[in-house]
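Input: a single structure, listed below in C-alpha coordinates.
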Amino acid sequence: MITLYGHPISGNSHRVANFLNILSVEYTEQVVDLSKGEHKSPDYLAINPLGQVPSLTHNDLALRDSTAILIYLARTFDKSNVWFPQDAVTQAKIQQWLSVAVHEVMEGPFVLRAIKLFGMPADEAQVIGKTEKLFNDLFEPHLSTNKWLVGNTPTIADIACYSYIARVNEGNFSLEGYPSIRQWLANVESIDGFKPMMHASN
Ligand SMILES: N[C@@H](CCC(=O)N[C@@H](CS)C(=O)NCC(=O)O)C(=O)O
(Lines give C-alpha, C1' and ligand atoms only; values in the text may rest on other atoms or scores of the structure.)
Protein backbone atom coordinates (compact mmCIF):
# COMPACT_ATOMS: atom_id res chain seq x y z
CA MET A 1 0.00 0.00 0.00
CA ILE A 2 1.24 3.48 -0.92
CA THR A 3 0.61 6.57 1.19
CA LEU A 4 1.60 10.08 0.12
CA TYR A 5 2.04 12.46 3.03
CA GLY A 6 1.66 15.93 1.57
CA HIS A 7 -0.18 19.21 1.46
CA PRO A 8 -2.43 20.44 -1.38
CA ILE A 9 -0.65 23.77 -1.93
CA SER A 10 2.85 22.33 -1.64
CA GLY A 11 4.48 22.11 -5.06
CA ASN A 12 6.89 19.49 -3.78
CA SER A 13 3.89 17.35 -2.82
CA HIS A 14 2.20 18.07 -6.15
CA ARG A 15 5.18 16.66 -8.09
CA VAL A 16 4.59 13.29 -6.45
CA ALA A 17 0.77 13.32 -6.57
CA ASN A 18 0.88 14.30 -10.24
CA PHE A 19 3.29 11.49 -11.13
CA LEU A 20 1.31 8.88 -9.18
CA ASN A 21 -1.77 9.92 -11.18
CA ILE A 22 0.10 9.83 -14.50
CA LEU A 23 1.38 6.34 -13.74
CA SER A 24 -2.13 5.27 -12.61
CA VAL A 25 -0.69 4.03 -9.32
CA GLU A 26 -3.25 3.65 -6.52
CA TYR A 27 -2.39 5.55 -3.37
CA THR A 28 -3.85 7.13 -0.28
CA GLU A 29 -3.22 10.80 0.36
CA GLN A 30 -2.61 11.85 3.95
CA VAL A 31 -2.73 15.62 4.43
CA VAL A 32 -0.04 16.85 6.82
CA ASP A 33 -1.34 20.19 8.12
CA LEU A 34 1.72 22.43 8.06
CA SER A 35 -0.23 25.32 9.62
CA LYS A 36 -0.86 23.15 12.71
CA GLY A 37 2.75 21.95 12.83
CA GLU A 38 1.79 18.35 12.07
CA HIS A 39 5.02 17.97 10.07
CA LYS A 40 6.99 18.36 13.32
CA SER A 41 4.96 15.83 15.32
CA PRO A 42 6.82 12.76 16.64
CA ASP A 43 4.68 10.45 14.49
CA TYR A 44 5.55 12.33 11.30
CA LEU A 45 9.21 12.81 12.23
CA ALA A 46 9.44 9.02 12.50
CA ILE A 47 8.57 8.93 8.77
CA ASN A 48 10.64 11.97 7.75
CA PRO A 49 13.20 13.22 10.31
CA LEU A 50 13.51 16.48 8.32
CA GLY A 51 9.88 17.30 9.12
CA GLN A 52 9.03 18.21 5.52
CA VAL A 53 6.41 17.17 3.00
CA PRO A 54 6.23 15.17 0.86
CA SER A 55 7.05 11.72 2.17
CA LEU A 56 5.90 8.47 0.69
CA THR A 57 5.52 5.09 2.29
CA HIS A 58 5.22 1.88 0.29
CA ASN A 59 4.59 -1.01 2.64
CA ASP A 60 7.65 -0.90 4.97
CA LEU A 61 9.62 1.60 2.89
CA ALA A 62 9.61 5.30 3.87
CA LEU A 63 11.05 7.86 1.46
CA ARG A 64 11.52 11.64 1.73
CA ASP A 65 12.36 14.23 -0.96
CA SER A 66 10.11 14.76 -3.96
CA THR A 67 12.72 14.03 -6.62
CA ALA A 68 13.99 10.87 -4.89
CA ILE A 69 10.38 9.70 -4.75
CA LEU A 70 9.92 10.42 -8.49
CA ILE A 71 12.94 8.20 -9.24
CA TYR A 72 11.55 5.43 -7.03
CA LEU A 73 8.12 5.58 -8.67
CA ALA A 74 9.59 5.60 -12.18
CA ARG A 75 11.84 2.63 -11.46
CA THR A 76 9.11 0.68 -9.69
CA PHE A 77 6.00 1.34 -11.76
CA ASP A 78 7.06 2.54 -15.24
CA LYS A 79 7.77 -0.80 -16.87
CA SER A 80 8.45 0.88 -20.24
CA ASN A 81 11.27 2.98 -18.72
CA VAL A 82 10.26 6.14 -20.57
CA TRP A 83 10.01 8.43 -17.54
CA PHE A 84 13.55 7.75 -16.32
CA PRO A 85 15.36 5.92 -19.11
CA GLN A 86 18.34 3.83 -18.13
CA ASP A 87 21.13 5.10 -20.37
CA ALA A 88 23.84 7.18 -18.73
CA VAL A 89 23.52 10.34 -20.82
CA THR A 90 19.74 10.59 -20.41
CA GLN A 91 19.91 9.91 -16.68
CA ALA A 92 22.61 12.56 -16.24
CA LYS A 93 20.57 15.09 -18.24
CA ILE A 94 17.49 14.33 -16.15
CA GLN A 95 19.52 14.69 -12.96
CA GLN A 96 20.63 18.16 -14.12
CA TRP A 97 16.98 19.23 -14.12
CA LEU A 98 16.12 17.47 -10.85
CA SER A 99 18.93 19.46 -9.29
CA VAL A 100 17.50 22.68 -10.76
CA ALA A 101 14.08 21.69 -9.37
CA VAL A 102 15.38 21.45 -5.80
CA HIS A 103 17.81 24.38 -5.95
CA GLU A 104 17.23 27.20 -8.44
CA VAL A 105 13.45 26.65 -8.72
CA MET A 106 13.20 26.71 -4.93
CA GLU A 107 15.43 29.80 -4.56
CA GLY A 108 13.40 31.69 -7.21
CA PRO A 109 9.77 30.75 -8.01
CA PHE A 110 9.15 28.90 -4.72
CA VAL A 111 10.40 31.77 -2.53
CA LEU A 112 8.49 34.42 -4.54
CA ARG A 113 5.28 32.50 -3.88
CA ALA A 114 6.15 31.90 -0.24
CA ILE A 115 6.74 35.64 0.28
CA LYS A 116 3.21 36.39 -0.97
CA LEU A 117 1.39 33.42 0.59
CA PHE A 118 3.15 32.99 3.91
CA GLY A 119 5.10 36.24 4.40
CA MET A 120 8.42 34.39 4.14
CA PRO A 121 11.16 36.89 5.00
CA ALA A 122 13.34 37.39 1.90
CA ASP A 123 14.74 40.14 -0.31
CA GLU A 124 12.01 40.14 -2.95
CA ALA A 125 13.99 42.13 -5.56
CA GLN A 126 16.84 39.66 -5.29
CA VAL A 127 14.49 36.68 -5.64
CA ILE A 128 12.83 38.27 -8.70
CA GLY A 129 16.34 38.64 -10.16
CA LYS A 130 17.10 34.95 -9.52
CA THR A 131 13.82 33.92 -11.13
CA GLU A 132 14.42 36.09 -14.21
CA LYS A 133 17.95 34.72 -14.58
CA LEU A 134 16.71 31.13 -14.28
CA PHE A 135 14.03 31.71 -16.91
CA ASN A 136 16.14 33.90 -19.26
CA ASP A 137 19.34 31.85 -19.13
CA LEU A 138 17.98 28.32 -18.92
CA PHE A 139 14.28 27.52 -19.32
CA GLU A 140 13.16 29.90 -22.09
CA PRO A 141 16.12 29.30 -24.46
CA HIS A 142 16.05 25.54 -23.88
CA LEU A 143 12.30 25.29 -24.38
CA SER A 144 12.32 27.51 -27.47
CA THR A 145 13.89 24.58 -29.35
CA ASN A 146 12.74 21.61 -27.23
CA LYS A 147 9.22 20.43 -26.43
CA TRP A 148 10.40 18.64 -23.27
CA LEU A 149 13.30 19.23 -20.88
CA VAL A 150 15.09 16.01 -21.89
CA GLY A 151 14.65 14.07 -25.12
CA ASN A 152 11.52 13.77 -27.22
CA THR A 153 9.05 12.59 -24.59
CA PRO A 154 8.19 13.77 -21.08
CA THR A 155 10.37 12.55 -18.22
CA ILE A 156 10.49 13.04 -14.46
CA ALA A 157 12.53 16.21 -15.20
CA ASP A 158 9.35 17.85 -16.54
CA ILE A 159 7.28 16.61 -13.59
CA ALA A 160 9.82 17.92 -11.05
CA CYS A 161 10.20 21.38 -12.59
CA TYR A 162 6.52 21.95 -13.45
CA SER A 163 4.71 22.69 -10.17
CA TYR A 164 6.37 25.85 -8.84
CA ILE A 165 6.85 27.35 -12.30
CA ALA A 166 3.15 26.78 -13.05
CA ARG A 167 2.24 28.71 -9.90
CA VAL A 168 4.87 31.47 -10.09
CA ASN A 169 2.00 33.89 -10.81
CA GLU A 170 0.97 33.38 -7.17
CA GLY A 171 4.25 35.11 -6.36
CA ASN A 172 3.15 38.04 -8.56
CA PHE A 173 5.58 37.04 -11.31
CA SER A 174 4.14 37.11 -14.83
CA LEU A 175 5.08 34.54 -17.47
CA GLU A 176 3.84 36.94 -20.19
CA GLY A 177 7.34 37.39 -21.62
CA TYR A 178 8.10 33.66 -21.64
CA PRO A 179 6.08 32.04 -24.46
CA SER A 180 8.18 28.86 -24.60
CA ILE A 181 7.80 28.26 -20.87
CA ARG A 182 4.04 28.77 -21.18
CA GLN A 183 3.87 26.31 -24.08
CA TRP A 184 5.86 23.75 -22.05
CA LEU A 185 3.48 24.14 -19.09
CA ALA A 186 0.60 23.44 -21.48
CA ASN A 187 2.48 20.40 -22.83
CA VAL A 188 2.84 19.00 -19.31
CA GLU A 189 -0.84 19.71 -18.63
CA SER A 190 -1.77 17.65 -21.71
CA ILE A 191 -0.09 14.46 -20.41
CA ASP A 192 -2.61 11.66 -19.78
CA GLY A 193 -3.44 11.49 -16.07
CA PHE A 194 -2.08 14.99 -15.32
CA LYS A 195 -3.31 16.22 -11.93
CA PRO A 196 -3.62 20.02 -11.61
CA MET A 197 -2.03 21.68 -8.62
CA MET A 198 -4.51 23.43 -6.36
CA HIS A 199 -4.44 27.23 -6.61
CA ALA A 200 -3.53 28.83 -3.30
CA SER A 201 -6.70 30.94 -3.43
CA ASN A 202 -8.99 27.86 -3.80
N1 LIG B 1 13.87 18.75 -0.89
C2 LIG B 1 12.53 18.54 -0.36
C3 LIG B 1 11.96 19.86 0.11
C4 LIG B 1 10.63 19.66 0.81
C5 LIG B 1 10.10 20.95 1.42
O6 LIG B 1 10.81 21.95 1.56
N7 LIG B 1 8.80 20.94 1.77
C8 LIG B 1 8.18 22.06 2.40
C9 LIG B 1 6.75 22.23 1.90
S10 LIG B 1 6.68 22.60 0.18
C11 LIG B 1 8.09 21.82 3.89
O12 LIG B 1 7.71 20.75 4.31
N13 LIG B 1 8.41 22.84 4.69
C14 LIG B 1 8.28 22.77 6.10
C15 LIG B 1 9.59 22.81 6.81
O16 LIG B 1 10.65 22.71 6.15
O17 LIG B 1 9.56 22.94 8.03
C18 LIG B 1 11.67 17.88 -1.43
O19 LIG B 1 11.97 18.02 -2.63
O20 LIG B 1 10.70 17.18 -1.10
Report summary line: Of those in the stretch 40-68 that are under 11 Å from S13 (Cβ atoms) and not aliphatic (A, V, I, L, M), the residue nearest to the chain's Cα centre (by Cα) is S66
Query raised in the report: Looking at the stretch 30-45, which of its residues are under 17 Å from F118 (Cβ atoms) and either within 12 Å of the ligand (Cβ to nearest atom) or hydroxyl-bearing (S, T, Y) (or both)?
Result: V32, D33, L34, S35, G37, E38, H39, K40
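When you look at S13, is it within 10 Å of the ligand (Cβ to nearest atom) and of a type in the set (G, A, S), yes or no?
Yes: the conditions hold for S13.
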Report task. Would you mind finding the one in W97, W83 that is within 14 Å of the ligand (Cβ to nearest atom), touching a helix residue (DSSP H, G or I) at 6+ places or on another chain (Cβ under 9 Å) and either part of a loop (DSSP other than H, G, I, E, B) or not assigned by TED's automatic domain parsing to the domain that holds S10 (or both)? Result -> W97
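Test L23 against the criterion of being open to solvent by less than 40 Å² (accessible area, probe 1.4 Å), away from the ligand (no atom under 16 Å from the Cβ) and touching a residue at least 12 places away in the same chain (Cβ under 8 Å), and give yes or no. Spell out how you get there, then give the answer.
Numbers: open to solvent by less than 40 Å² (accessible area, probe 1.4 Å): yes; away from the ligand (no atom under 16 Å from the Cβ): yes; touching a residue at least 12 places away in the same chain (Cβ under 8 Å): yes.
For L23, the condition - open to solvent by less than 40 Å² (accessible area, probe 1.4 Å), away from the ligand (no atom under 16 Å from the Cβ) and touching a residue at least 12 places away in the same chain (Cβ under 8 Å) - is met.
The values are calculated or read from the model by the stated rules, or taken from the named source; none is laboratory data. Computed from a predicted model, the values in this text were never measured in an experiment. All Cβ positions, glycine included, derive from the backbone under ideal geometry; neighbour counts span all protein chains shown. When the accessible area is computed, the model is the full protein with side chains, heavy atoms only, and any ligands, DNA or RNA have been set aside. Shrake-Rupley method; radii C 1.70, N 1.55, O 1.52, S 1.80 Å.
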